[in-house]
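Here is the structure we will look at.
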Number of protein chains: 2
Amino acid sequence: MKLYTTKLAPNPRRVAWFVAEKGIDDLETVEVNLLAGEHKQPEFRNKFGLGHLPALELDDGTCFTETVAIARYLETVYPEPNLMGVDPKETAIIEMWTRRAELYLANPMMMFVRMTHPALSALEAPVPEVGAYNKAAAEKFMKALNRHLADNEYLAGRFSMADIVGVCGVDFGRLVKYRPPEEYEHLNRWLAACNARPAASAGLK
Amino acid sequence: MKLYTTKLAPNPRRVAWFVAEKGIDDLETVEVNLLAGEHKQPEFRNKFGLGHLPALELDDGTCFTETVAIARYLETVYPEPNLMGVDPKETAIIEMWTRRAELYLANPMMMFVRMTHPALSALEAPVPEVGAYNKAAAEKFMKALNRHLADNEYLAGRFSMADIVGVCGVDFGRLVKYRPPEEYEHLNRWLAACNARPAASAGLK
């Protein structure tokens, strides 16, 4: 099994963190040069269908992308510690929070950063209205999340994939020196607690 | 178990179609009046955390939202016919295509429609640039999908949740009389084949 990945990007960080939480140390990793566009080359695209990272290649040649699909597959190979649910009910709760963290927080943050960071304008012409819309959407969800975290230590009852996706999403804003509003004290407490975990720095250095 | 849902909306349609494919006929369904804003009332929000549909309430009082989490839970209760994968490898492939169909096609289509349909401007002030950006993003992915569907009957090898999510995403464009470009013949063949399934009309009438 081979994991194609890169440093410093938010989606690869999710899987790197997930792998580090599980203490997996026998997974072959191929570092892809994002700035050189290695993931956009025909060889990579033909293998994975799209030029996306991270990507996983199984020993039988099966190839796939998408962080949560990769994480769910890895969880079947390396079940402990469990990060995606021990029974159908907990799996549903963690999947719900993983999706909320991604759809309403991480993805809008990514669009906001993409439309704001000068270096990223080389990849795509920035549309300021799209950046502003997504920043507002992310902050609207942060408000709801702050309320949830007032009574909950983590998103889905205990530390899980949902927290990894949410924290990686917010942290990506650092690229444009973004920090969540200070008044969201429960959100900021949660971010600090998750980032204090030894596995949180995987994929960052 | 109770499914809170509504007619004619794209996310509720996903779960209605999934339920119909499985021939589930003993699931209690509560019709929520979207136009009257019933899902935004405190009672609903307190139960599910967010005012989103569809939503599932289990007999023990556990409540959750998010279509794919609801579908994965229902698949454990009603395993046949399988729509989300029979082993870890197929589950990963179907989850990858479900995510691609959602993140790069259904979600941009939803944003495009929201920013374009006159009646929806009552819910949110439309930002034309956001509509145009998302329409272009959806069509960019349709091009990639059209290539994939030239050699594949369905997204993930056989009919699955991924097709349901993709077709519901594209079809939502009908609200603003949108049709995918005719030149994407494989994409259009796939849309017609999926929509010809008896279960496809669930949630539409």
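FYI, it's all coordinate maths here, none of it is from the lab. Given the structure is predicted, the values throughout are model-derived calculations rather than measurements. Don't worry about glycine lacking a Cβ; one is built from the backbone with ideal geometry, like all the others, and counts go over all protein chains shown.
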Shielding of A:65-77 by other chains, given as the mean Cβ count within 10 Å, works out to 5
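Where a ≥ b ≥ c are the square roots of the eigenvalues of the C-alpha gyration tensor, would you call segment B:20-155 rounded, which needs a/c under 1.5, or, failing that, prolate if a/b is larger than b/c, or oblate?
oblate
Counting other Cβ atoms within 10 Å, keep those with at most 16, restrict to DSSP loop, and tell me which trypsin sites (Lys or Arg not before Pro) in segment A:70-104 are left.
Details: sites: A:72, A:89, A:99, A:100; in loops: none.
Passing sites in segment A:70-104 do not exist.
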Once phi is turned into θ = phi - 60°, what whole-Hz ³J(HN,Hα) does the Karplus curve with 6.51, -1.76 and 1.60 give for every residue of segment A:133-150, x standing for Gly and Pro? 4, 6, 4, 4, 5, 4, 6, 5, 6, 4, 4, 5, 5, 4, 5, 4, 7, 5
Shape call for segment A:93-205 from the C-alpha gyration tensor, a ≥ b ≥ c root eigenvalues: rounded (a/c under 1.5), prolate (a/b greater than b/c) or oblate? prolate
Charges only on Cβ, +1 for Lys and Arg, -1 for Asp and Glu: so what's the dipole of chain B about the Cα centre, in debye to the nearest 20? 680 debye
Non-local residues with an amide H under 5 Å from the amide H of residue B:30, with H modelled 1.01 Å from N and Pro and chain starts lacking one, are B:3, B:4, B:5
Between residue B:136 and the same site in the other copies, what are the distances in nm, shortest first, taking label points 7 Å from Cα along the C-beta direction? 2.0
A student asked for the Cα radius of gyration and Dmax of the protein assembly as shown in angstrom ought to give 20.3, 55
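Filter A:89/B:47; A:135/A:177; A:135/B:47; A:7/B:143 down to the pairs with a C-alpha to C-alpha distance above 18 Å, please. Can you show the working numbers first?
On the way: A:89/B:47 16 Å; A:135/A:177 13 Å; A:135/B:47 27 Å; A:7/B:143 29 Å.
Beyond 18 Å between Cα atoms: A:135/B:47; A:7/B:143.
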At residue A:201, with labels set 7 Å past Cα in the Cβ direction, how many nm apart are the copies from this one, shortest first? 6.1
In the B-onto-A rotation, chain B's nearest residue to the axis by C-beta, with distance in whole Å, turns out to be B:129, 2
Can you work out ³J(HN,Hα) from phi for every residue in segment B:188-196, in order, using Karplus 6.51 cos²θ - 1.76 cosθ + 1.60 and θ = phi - 60°, giving whole Hz and x for Gly and Pro? 5, 4, 4, 4, 5, 5, 5, 5, 7
If one computes the Cα centroid of segment B:154-205 and of segment A:144-162, what distance in Å separates the two points? 35 Å
Note the distances from residue B:24 to each other copy's matching label point, with points 7 Å along the Cα-to-beta-carbon direction, in nm, sorted shortest first. 3.0
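Which of the peptides A:37-50, A:128-141 is most tightly packed, and how do the rest follow, judged by the mean count of other Cβ atoms within 10 Å per residue? Walk me through the numbers before you get to the answer.
Details: A:37-50: 14.7, A:128-141: 18.1.
Peptide ranking by packing, descending: A:128-141, A:37-50.
Taking the alpha carbon gyration tensor of segment B:2-77, what are the square roots of 5 times its eigenvalues, largest first, to the nearest whole Å? Numbers along the way, then the final one.
Values: eigenvalues 74, 42, 21 Å².
They are 19, 14, 10 Å, listed largest first.
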